[in-house]
Amino acid sequence: MKPAPFEYHAPSKVADAVGLLSEHGDDAKALAGGQSLVPMLALRLARFDHLVDLGRIDELRGVERADGVLRVAAMTPQADAERDPTVAASVPLLSRALPLIGHFQIRNRGTIGGSVAHADPASELPAVAVALGAEMEVSSSSGTRTIAADHFFVGTWTTALAPDDLLTAVRFPAWSGRVGFAIEEVARRSGDFALAGVACAVALDPDDVIERVGLALLGMGPTPVRARAAESALSGASPSDDDVGEIAELAVADTSPVDDVHASGAYRKKVGAHLVRLALDRALAEARSVRA
């Protein structure tokens with residue numbers, strides 16, 4: 001099929017893009033890499049009178065680290081971030097998640113901001129943002145602001161962005177010290193969306209006690225699910241293998257994953273608990289290997 005007719009806009013500045021979104025409201029949609037939006041338009045699962053292509057806005061590309069934060073501009077291609085040594089050194093969890101997104105052809109066109117703003121609950125980057133406590137930089141006709149990842153994702157394919165809002169960057173905190181990270185997922189085939197998964201980050205004190213932890217589940221609900229009960233149980237603890245198993249069950253206890261043609265909710269819940277344990281084991285082992 002072909003998309004419904006629309007008017008195409010290609011601004012070269014953020015201010016112009018925001019102006020177009022403000023002018024046309026719900027009738028306009030920002031186009032990033034197009035890996036999700038274009039198929040939806042072609043199948044007429046979505047319809048907009050105006051598309052605002054962000055591809056010519058240079059200020060929406062690039063990676064920089066300052067003051068303990070890695071700022072990834074929204075239109076930075078996923079493949080560029082995947083290969084960027086600053087990303088790997090500053091936010092290892094992001095670097096490890098990126099190769100799991102689709103295939104390399106998709107990552108060549110797909111963007112960091114596009115994936116985050118699309119808010120697919122089975123996508124890796126939203127879960128990474130939640131686990132690490134990232135912040136979203138947003139520009140609109142009324143100015144700029146930041147939105148915490150915990151408050152950004154509000155439903156399947158739905159975020160806290162207003163019609164005239166434009167996601168301009170994602171700010172990932174660069175965890176330091178005795179830290180460890182892991183991302184685990186199960187998919188039907190390599191490159192498919194995950195049936196279930198988890199992004200995990202831990203930080204230990206010199207005595208191997210957890211002083212900071214982030215756990216976010218993907219494919220287990222309508223948004224990335226922050227496993228707060230499990231985080232609370234881990235904080236201030238030095239868990240044994242048996243403890244990690246119990247905490248993994250706690251992490252998925254309150255989730256309600258859906259049944260669909262790919263897997264049942266019960267399967268997702270069982271696999272999710274296993275993945276949490278695997279991720280915690282690996283993240284803790286990595287953090288413990290760092291000398292105090």
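The values are calculated or read from the model by the stated rules, or taken from the named source; none is laboratory data. Remember, it's a predicted structure, so these values are computed and weren't measured experimentally. Backbone-built Cβ (ideal geometry, glycine too); neighbour counts: all protein chains shown.
Remarks
- Applying the condition of being of a type in the set (A, V, I, L, M, F, W, C) and not in a strand (DSSP E or B) to the range 187-215 and asking which residue is modelled with the lowest pLDDT yields F193.
Table: residues versus (1) assigned by TED's automatic domain parsing to the domain that holds A149; (2) crowded, with 22+ Cβ neighbours inside 10 Å; (3) at pLDDT 95 or above.
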{"position": "E231", "(1), (2), (3)": "no, no, yes"}
{"position": "S240", "(1), (2), (3)": "no, no, no"}
{"position": "G265", "(1), (2), (3)": "no, no, yes"}
{"position": "H274", "(1), (2), (3)": "no, no, yes"}
{"position": "L284", "(1), (2), (3)": "no, yes, yes"}
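- Residue list for the range 51-68, filter: crowded, with 19+ Cβ neighbours inside 10 Å and closer than 15 Å to G34 by Cβ: L51, V52, L54, I57, L60
- For R71, the requirement of being farther than 24 Å from W157 by Cβ and buried (at least 18 other Cβ atoms within 10 Å of the Cβ) is met.
- Counting the residues of the range 148-162 that are closer than 21 Å to L20 by Cβ and either at pLDDT below 95 or of a type in the set (V, I, T) (or both) gives 1.
- When the range 214-229 is limited to residues that are in contact with an Asp or Glu (Cβ under 8 Å, 6 or more places away or on another chain) and among the small types (G, A, S), the one that is surrounded by the fewest Cβ atoms within 10 Å (Cβ to Cβ) turns out to be A229.
- So A79, is it in contact (Cβ under 8 Å) with a residue 24 or more places away in the chain, small (G, A, S), within 30 Å of Y8 (Cα to Cα) and outside the structural domain of A187 (by TED's automatic domain parsing): yes
- Output for the range 247-263, where each listed residue is surrounded by 14 or more Cβ atoms within 10 Å (Cβ to Cβ), free of Cβ contacts under 8 Å to residues at least 60 places away in the same chain and not polar (S, T, N, Q): I247, A248, E249, L250, A251, V252, V258
- Unmet criterion (only one of (1) part of a helix (DSSP H, G or I); (2) touching a residue at least 24 places away in the same chain (Cβ under 8 Å); (3) small (G, A, S)) for A233: (2)
- Note on the range 74-92: among residues that are farther than 26 Å from S139 by Cβ and hydrophobic (A, V, I, L, M, F, W, C), the one that is surrounded by the fewest Cβ atoms within 10 Å (Cβ to Cβ) is A89.
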